[in-house]
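See below for the structure under consideration.
Nothing in this text is a laboratory measurement; each read-out follows from the coordinates by a stated rule. The structure presented is a predicted model; accordingly, all values stated were derived computationally and were not measured. Don't worry about glycine lacking a Cβ; one is built from the backbone with ideal geometry, like all the others, and counts go over all protein chains shown.
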Amino acid sequence: MDLSRFPRRHYSVGATPLEFMPNFTRALAALCPAGQGPRVWIKRDDMLGLFPGGNKTRKLEFLVADALAKGADTLITCGAPQSNHCRITLAAAVKEGLKCRFVIEERVPGSYHEDASGNHFLFRLMGVEAITVVPGGSNIAQAMQQVADELAAIGRVGYIIAGGGSNALGGLGYVACAQELQQQFFEQGVTIDRVIVGSGSSGTHGGLLAGFLGNRINIPIVGIGVSRDPADQDPLVHKEAQAVADLLGLDMVIARDSVVTEGGFWQPKYSVPNAMMVEAVQMLARTEGILLDPVYTGKIMAGLIGLARRGYFKPDEEILFIHTGGMPALHVYERELSA
Ligand SMILES: *Cc1c(COP(=O)(O)O)cnc(C)c1O
């Protein structure tokens, strides 16, 4: 598929590594039925640019190019108090000489602290221009529009980026990732049977799915919900994948059953730690020296481990875990992870 007709900024150098994880694979097998588990590969999207980058870096390459084409001087976006998406959007804004404003949704009451560490510290360090904090369940789109209106009133031009950068244009970032993976599978001689990816605002899962289907990559994708179980998550991913396919002009109807997500690993609540997440973060750190985060990738890896324990994967099945980043949030949860 030809992505070259979409304006794009470049925030990373080359492809992120695709690596086999021998020690983790061995440790996982010991937890699986009959001591046999899948062989686990990792796509290091935690090594994307706008360091410490993550999946938002890929989406922003297309979104910020669009903002610049429209003459914006300020990026406006939204997220939770420790949002990686807000932090990476701010890094892109700084790099491009733009200003940046956030609407922060306090999804867990009392979770916003002006002096918090982790991503919040980085918001201040990189010089966010303004933060509007609203209670969970607020109309976020309206709150962002209000910020844009305030800027317009003083002669400035804001560009609103949807939560998580997940719209059709942002999803192109993961179409690009699908194409990058296809080339790496070929060059490295790797045959993957299944991909495990996080599923939140759904641009990553939906974009990757559209990219796989559009490029005829016949590898099933399993999304691990970070805030919703399948009944609520699947329709979101399906809508995103279809929007991305439509933007690409693929003339393709995304089959509803190509969207697969698993729930049960994110509870009790989005961003609130659980024991499976702690086990997953410690296991990857102690077998491969790779750092996950408590809010997203820790729970996504907990999903991979949980499915493996249930015998979901065939023995020796080759599976690929997409590491979507998030490392700065680790420091906010030091107490929970220090066992
Ligand atoms: C945002 C985020 C996700 C979820 O990706 P979506 O595209 O919103 O579904 C996963 N991992 C990390 C580290 C993130 O910051």
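Observations
- Cα-based helix-to-principal-axis angle, 230-247 vs the chain, degrees rounded to 10: 70
- Toward the positive end of the charge dipole of the chain, with +1 on the Cβ of Lys and Arg and -1 on the Cβ of Asp and Glu, the farthest Cα among 244, 337, 255 is that of 337.
- Fluctuation leader among 268, 52, 220 - the chain, Gaussian network, Cα springs under 10 angstrom: 268
- Coupling constants for the stretch 274-282 follow from the phi torsions by the Karplus curve (6.51 cos²θ - 1.76 cosθ + 1.60, θ = phi - 60°), and in residue order they are 9, 5, 5, 5, 4, 4, 5, 5, 5 Hz; glycine and proline get x.
- For residue 59, a cut-off of 15 angstrom between C-alpha atoms picks up these aspartates and glutamates, skipping any fewer than 8 places away in its own chain: 45, 46, 180, 240.
- Amide hydrogen neighbours beyond the local backbone of residue 132, cut-off 5 Å, H modeled: 102, 103, 104
- Peptide packing: for 199-211, 10-22, 38-50, the average count of neighbouring Cβ atoms within 10 Å per residue gives the ranking 199-211, 38-50, 10-22, highest mean first.
- Between amide H atoms placed 1.01 Å from N, distances below 5 Å from residue 39 occur with 316, 317, 318, 319, all of them 5 or more places distant or on a separate chain.
- Residue-wise HN-Hα couplings along the stretch 303-320, as the Karplus relation 6.51 cos²θ - 1.76 cosθ + 1.60 with θ = phi - 60° gives them from phi, are x, 4, 5, x, 5, 4, 4, 7, x, 5, 9, 5, x, 6, 4, 8, 10, 10 Hz; Gly and Pro carry x.
- Averaging the Cα positions of each part gives two centres, and for the stretch 199-259 and the stretch 268-339 these lie 22 Å apart.
- Considering the chain, its Cα convex hull presents a mean projected area of 16.3 nm².
- For residue 3, net neighbour charge (Lys/Arg +1, Asp/Glu -1) across residues whose Cβ lies under 14 Å away: +1
- Positive-end residue of 6, 123, 218, charge dipole of the chain with Cβ unit charges: 123
- Computed helical MRE - 222 nm, the chain, DSSP H runs ≥ 4 contributing -39500 (n - 2.57), nearest 500: -13000 deg cm²/dmol
- Here's how it looks for residue 224: its modeled amide H is under 5 Å from those of 197, 198, 199, 262, which are all 5 or more places away or on a different chain.
- Phi to ³J(HN,Hα) by Karplus 6.51 cos²θ - 1.76 cosθ + 1.60 over the stretch 250-266, Hz, x for Gly, Pro: 6, 6, 10, 9, 6, 5, 4, 7, 7, 8, 10, 10, 10, x, x, 10, 9
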